[in-house]
1. How much FRET efficiency would the formula 1/(1 + (r/R0)^6) give for residue B:74 and residue B:160, where r is the Cβ-Cβ distance and R0 is 25 Å, rounded to 0.05?
2. Starting from the 7 Å offset along Cα-to-Cβ, what nm value, one decimal, do you get for the label separation of residue A:99 and residue B:194?
3. Which semi-axes, in whole Å and largest first, does the equivalent ellipsoid of the protein assembly as shown have when worked out from the alpha carbon gyration tensor as the square roots of 5 times its eigenvalues?
4. So what is the relative contact order for segment A:9-199, in percent, with contacts set as C-alpha pairs under 8 Å and at least six apart?
5. Full extension from residue A:6 to residue A:198: what is 0.36 nm times the residue separation minus their Cα-Cα distance, to one decimal in nm?
6. Report, in degrees rounded to the nearest 10, the 0 to 90 angle that the Cα long axis of helix A:72-98 makes with the longest principal axis of chain A.
7. Round to a whole angstrom and tell me the spacing of the C-alpha centers of segment B:49-87 and segment A:28-80.
8. Could you run the Debye sum over the Cα atoms of segment A:23-104, one equal point scatterer each and no solvent, and tell me log10 of I(q)/I(0) at q = 0.13, 0.18, 0.19 Å⁻¹, two decimals?
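No value in this document is a laboratory result; all are computed from the given coordinates. Note that the structure is a prediction, hence the values are computed from the model and not measured. In this analysis, Cβ positions are derived from the backbone assuming ideal geometry, glycine residues included, and neighbour counts consider all displayed protein chains.
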C-alpha cells in the first residue's frame with residue numbers, strides 16, 4: 001500500500017465515512033458527551049485504542065479460524081460479540097496494571113466500551129470489506145480519530161447550545177437537550193457529506 | 001424517552017428506505033424482547049460476578065439465531081442490513097443495561113418486563129415513522145419490494161395532479177436526514193411532554 005493510498009483511506013475514514021456522522025456508529029457516547037471537550041477527547045482515545053485492539057485481534061481470528069473452518073456465516077456474530085467483551089475487559093485490566101498513574105477518568109469509561117457499536121462495528125466493516133491487515137489497522141485508527149473529532153465538536157456545540165447567546169437568544173424549550181444535539185449532528189453530517197467530491 | 005433513543009443507531013442507518021426501516025424495527029424489537037426475557041430468567045440463578053458475561057453470551061446467541069433465520073427467509077432484507085444486523089447484539093445489550101440495571105429494579109418483576117415491552121413497541125413505531133418520512137420526503141416514492149428502486153416501487157410523484165411538480169429533498173435519504181428526522185420528532189415529543197407537565 002503506497003503512501004497516497006494510505007492518506008486517501010484515512011481521509012475517507014476520518015471525514016467522509018465518519019463513524020458517527022455517516023455510519024451512525026457510537027451514537028450513545030456522542031449524544032451523552034459532557035460539555036467538557038477534554039473528557040470528550042479522553043473517551044475518543046479510549047474508543048480508538050479499543051478499535052485498533054479489537055481489529056488487530058478479531059481480524060486474524062476471523063481469517064484463520066472462522067473462515068478456515070467455514071464457520072464465519074453462523075458463528076461470526078457470536079464469536080465477535082463475546083471476544084470484544086473479553087478484549088475490552090482484558091485491555092482495561094492490562095492498562096490499569098501497566099499505567100497506573102494515567103488518568104483515572106480513562107479507566108472509568110472502559111467497562112462502557114463493551115457495549116459500544118463503534119468497537120464492534122469497526123471489526124465487522126474490516127472483515128466484510130475484505131481489507132488486508134495493514135488496511136484494517138489504518139482504517140480502525142483513522143476511524144477512531146474521526147470519532148474523536150466528532151466527539152470534540154459535539155461537546156463544544158453543547159456548550160454553546162446550553163448557554164444563552166450574546167443577544168439573550170436561547171434554545172427553544174422543545175429543542176433543549178437531545179433534540180438540538182440531533183439537529184446539530186444533522187448539520188455536521190451534511191457538511192461531511194459535502195467532502196465526498198474530494199476523493200473521486 | 002431519552003434512554004430509548006440511544007439504541008436507535010441501526011434504525012437510523014437503514015431507514016432511508018421505508019421497508020428496510022420497518023424490517024429493522026421488527027428484528028430489533030423481537031431480539032430485544034426475547035433476549036431480555038431469557039437474560040432475566042437466567043440472571044436469578046447466577047452469582048453476581050458472572051451476570052455480565054452470561055448476558056452477553058445469551059444476547060449474542062439470540063442475535064445469531066435471528067440472523068440465520070433472516071438470511072434464509074428474507075435474503076434481500078438481510079443483505080441490505082449489512083453490518084447493522086450483527087450490531088443488534090450491541091443494541092440489545094445497551095437497552096438491557098439501560099432499562100434493567102439502570103433502574104435497580106427486582107429482576108423479572110412486572111415493572112421491568114413492561115419497560116422492555118414498551119421499548120420494543122417504541123422501536124417498532126419509531127422505525128416505521130422514520131422510514132416513511134425519509135423515503136417519501138427524500139425520494140418521493142415508497143419501496144414495496146426489495147431491492148430499492150426496482151419494479152415494486154410506488155412512485156408518489158405520479159399521483160400529483162398534472163401541471164404540479166415537486167422535487168424530493170434528497171437530504172432526507174442522506175445520513176443527515178436521519179439525524180434531522182430524529183431531532184424533529186424528539187422536539188415534538190418534548191414539546192407535548194412539557195405542555196402536559
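1. 0.20
2. It works out to 4.2 nm between the two label points.
3. Semi-axes (√(5λ), whole Å): 31, 26, 25.
4. 43 percent.
5. Length difference between fully extended and current span is 67.6 nm.
6. That helix lies at roughly 70 degrees to the long axis.
7. Rounded to whole Å, the Cα centres lie 16 Å apart.
8. Those come out to -0.55, -0.90, -0.96, one per q.
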